[in-house]
Every structure is written in C-alpha cells, then in structure tokens.
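First comes the structure, then the notes that go with it.
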Amino acid sequence: MYEEKEAAGKLRSLQDENTKQKQEAQEEAKLMKKKVLEIREKAIEMKANLYQEELKHAEDLFAEENSILCKAIKSKDFNEASVAQSLIRVAKNKIKAVRKDMEKLHDAWKSVATKTKMVSDGCSNVIKKIKK
C-alpha cells in the first residue's frame, strides 16, 4: 500500500514537472514571437520614415514645378511650361505611389499590432497560470 502511494506521489510530481516545463516552453515561444513582432514593427517604422521623406520630396518637387509653370505661363514661355507640366505629372505619380505604399504599410502595421496584442495577452495568461 505504501509503495502504491509513493509511486502515485512520484507520478503526480513528474506530471506536475512536465506540465510546468510545457508551460515554460509555451511562454518562451510566445516571448520569441513577441520579439519577432517587435522587430517587424521597427522595420515598418523605418519604412514609414522613408516613405515620409519620399512624400516630402515629391510634394516639394510638385510645389516647385507648379511655381515654375505659373512663371512660364506669365512669361509665355511654353517650352518651359511644357517641361514643368511633365515634372508636375511625375511628382503627382510619385505622390500617388508613395501614398499607396503607405496604405499597405499601415495595413501591415495593423496586422503586426493585432498579433502583438494576441501574443501579449497569451503571455499574460501563461504567466498567471505559472504563478498559480
């Protein structure tokens, strides 16, 4: 009888240890996922900064060429006006492309933020279970 109780106690102890190890492994995996998501978020931030710079340059080009176009029209220099119009078109296309890229980047950011929240919530739940 004593041996059975001792064996049952050892079995429970081993099961508890196994459960604890599984929980720790799950927590570690979730922390790794969180780190990966943080890296992705930083990459998205860096891309966003680059897109902001590109957008500013395109807007500056647009404003500059628009000013040149106005001066060319006033001075009736239609060759200059034609060149300015072409560059305005280039600037508009660049602005449109950058804004489209920024929208895609925003969608990627939302996806990462959602996943980060899910992982964080999961980590909190695992930590609470371990503390109990």
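Nothing in this text is a laboratory measurement; each read-out follows from the coordinates by a stated rule. Owing to the predicted nature of the structure, the values given are computational and were not obtained by experimental measurement. As a convention, Cβ positions derive from the backbone with ideal geometry for all residues, glycine included, and neighbour counts pool all protein chains shown.
Looking only at residues in segment 10-47 that are hydrophobic (A, V, I, L, M, F, W, C) and in contact with a helix residue (DSSP H, G or I) (Cβ under 6 Å, 6 or more places away or on another chain), which one is surrounded by the most Cβ atoms within 10 Å (Cβ to Cβ)? Don't jump to the end; show me each part of the working.
First, the residues of segment 10-47 that are hydrophobic (A, V, I, L, M, F, W, C): 11, 14, 25, 29, 31-32, 36-37, 39, 43-44, 46.
Subset that is in contact with a helix residue (DSSP H, G or I) (Cβ under 6 Å, 6 or more places away or on another chain): 37, 44.
On the way: LEU37: 20, ILE44: 17.
Per the criteria, the residue is LEU37.
For segment 6-16, indicate whether the set of residues that are assigned to a helix (DSSP H, G or I), in contact (Cβ under 8 Å) with a residue 12 or more places away in the chain and among the polar types (S, T, N, Q) is non-empty. Spell out the reasoning first.
If we filter segment 6-16 for residues that are assigned to a helix (DSSP H, G or I), which is where we start, we get 6-16.
Next, from what is left, pick out any that are in contact (Cβ under 8 Å) with a residue 12 or more places away in the chain: none.
For segment 6-16, residues assigned to a helix (DSSP H, G or I), in contact (Cβ under 8 Å) with a residue 12 or more places away in the chain and among the polar types (S, T, N, Q): absent.
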